[in-house]
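Student: Would you mind keeping the following structure in view while I ask a few things?
The values are calculated or read from the model by the stated rules, or taken from the named source; none is laboratory data. Only a predicted model underlies this, so the values are computations on that prediction, with no experimental measurement involved. Please note: Cβ atoms are built from the backbone with ideal geometry, for glycine as well, and neighbour counts cover all protein chains shown.
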Amino acid sequence: MRHEEIIPFSSEEELQGDVQLCGVPVLAGHPKIRADGSARMYEFIEADVCATLLDGAGEWLRDVAGESSGSDIEALHRHALRRRTLVVMEDPNLHLLHEHDRIFIKPLPPYLLSYSFWETYMAHPLFFPPDENTQDTVTRIVTAGLGLLRTYNYLIRHKSDFQIAQDHSLGLIPGDVSWDDWCAFSMRFGQIHSNVVSSRYKFGELNLLTIKHKSFPLFGTWSFLPSVKDVVMQSLPNYLFIFAGVSVSLDAMQVIVGARSTTFSGSKLYQYCVYAFLALSSLLLLIAITAGMWGRTQILFPKLRKKRSGARL
């Protein structure tokens, strides 16, 4: 990555300067973390900006949400039209995930607004320990940091969005920044290419219910989010359909068993044909259910996403 690709703003455009606590350099916004280029500092920043869970799900996310350059990220003021509540969430895995009437948004970490931070610890790190793991960590931080900054190019498009972001109840960006300064700072965010951002930030808003529904096969755990209620409610139509199909099959079996007392009961060939027909019908039913559930993910969600994008003003 070229130097200008790593740092998307100049030293004159930065919104955050260096911070010291009792003469000791600290990470802007996190005075407990020393800005010393140590492995501990990089580990903290990685946990703060990298959506580790979603970064490992690129192919699956592409199937569900499709790849975009961020045009499917609504400006802050438009969420009122959808009756969505903006919920501040520090966990980067939840940034721009939405469900029902709320969407989670991660505030911009103050240190990402500092040119010297990018210059010293991202573009030209001075204190690398002699191991490749830390260098890989820096690469993940750079791609995630650029992706996070790029999302704010779409979240804040108008002065009304800027004012919402500065609201004291949200604090998405510093409250002492002027609109003109923000515009100068974020001027080149829209030029950040998808090739230089992490896997998660190649996509915009994501449906949280879909992530919950798929979290078990995707991540091997239900702990991505604590709520199982929404998962069950979303899957309920599928389960009811399966229950209905099984009930019909059981009823058919009862009819066949009852038919054994008829004049055809002595015909072994007839019974074998009926059993074979029932088995084949049950198999086709299971195939149809499986295909329907697969198609719901592969076809319905992309169509809804395309319809939602086309409905924007």
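Student: Against the conditions (1) at pLDDT below 90; (2) touching a strand residue (DSSP E or B) at 6+ places or on another chain (Cβ under 7 Å), where does S38 fall short? Just the number, please.
Tutor: (2)
Student: Here's a follow-up. Might you let me know whether segment 122-131 holds any residue that is at pLDDT 90 or above and either outside the structural domain of R34 (by TED's automatic domain parsing) or of a type in the set (G, A, S) (or both)?
Tutor: No, segment 122-131 has no match at all.
Student: Something else about it: Does segment 156-188 hold any residues that are touching a helix residue (DSSP H, G or I) at 6+ places or on another chain (Cβ under 8 Å) and not in a loop (DSSP other than H, G, I, E, B), and which are they?
Tutor: The initial filter retains those residues of segment 156-188 that are touching a helix residue (DSSP H, G or I) at 6+ places or on another chain (Cβ under 8 Å), namely 156, 158-162, 164-165, 170, 172-175, 177, 179, 182, 185-186.
Across segment 156-188, the qualifying residues are K159, S160, D161, F162, I164, A165, W179, W182, F185.
Student: Still on this structure: What's the total number of residues in segment 70-90 that are out of contact with any helix residue (DSSP H, G or I) (no Cβ under 6 Å at 6 or more places or on another chain), of a type in the set (D, E) and touching a residue at least 60 places away in the same chain (Cβ under 8 Å)?
Tutor: Qualifying residue count for the region: 1.
Student: On to the next question. Please determine, by comparing only the residues of segment 202-213 that are in a helix (DSSP H, G or I) and under 8 Å from the mean Cα position of the chain (by Cα), which one is surrounded by the fewest Cβ atoms within 10 Å (Cβ to Cβ).
Tutor: Just the residues of segment 202-213 that are in a helix (DSSP H, G or I), to begin with: 202, 208-213.
Imposing the further condition that a residue be under 8 Å from the mean Cα position of the chain (by Cα) reduces the set to 208, 211.
Values: L208: 21, I211: 25.
So the residue we want is L208.
Student: Looking at segment 1-51 only, could you name the residues that are in a helix (DSSP H, G or I) and either of a type in the set (D, E, K, R) or closer than 14 Å to L113 by Cα (or both)?
Tutor: The initial filter retains those residues of segment 1-51 that are in a helix (DSSP H, G or I), namely 3-6, 39-49.
Once the filter is applied, which keeps residues that are in a helix (DSSP H, G or I) and either of a type in the set (D, E, K, R) or closer than 14 Å to L113 by Cα (or both), segment 1-51 yields E4, E5, I6, R40, E43, I45, E46, D48, V49.
Student: So is L225 assigned to a loop (DSSP other than H, G, I, E, B), closer than 28 Å to L76 by Cβ and at pLDDT below 90 or not? Steps first, please.
Tutor: Values: assigned to a loop (DSSP other than H, G, I, E, B): yes; closer than 28 Å to L76 by Cβ: yes; at pLDDT below 90: yes.
When the stated conditions are applied, L225 passes them.
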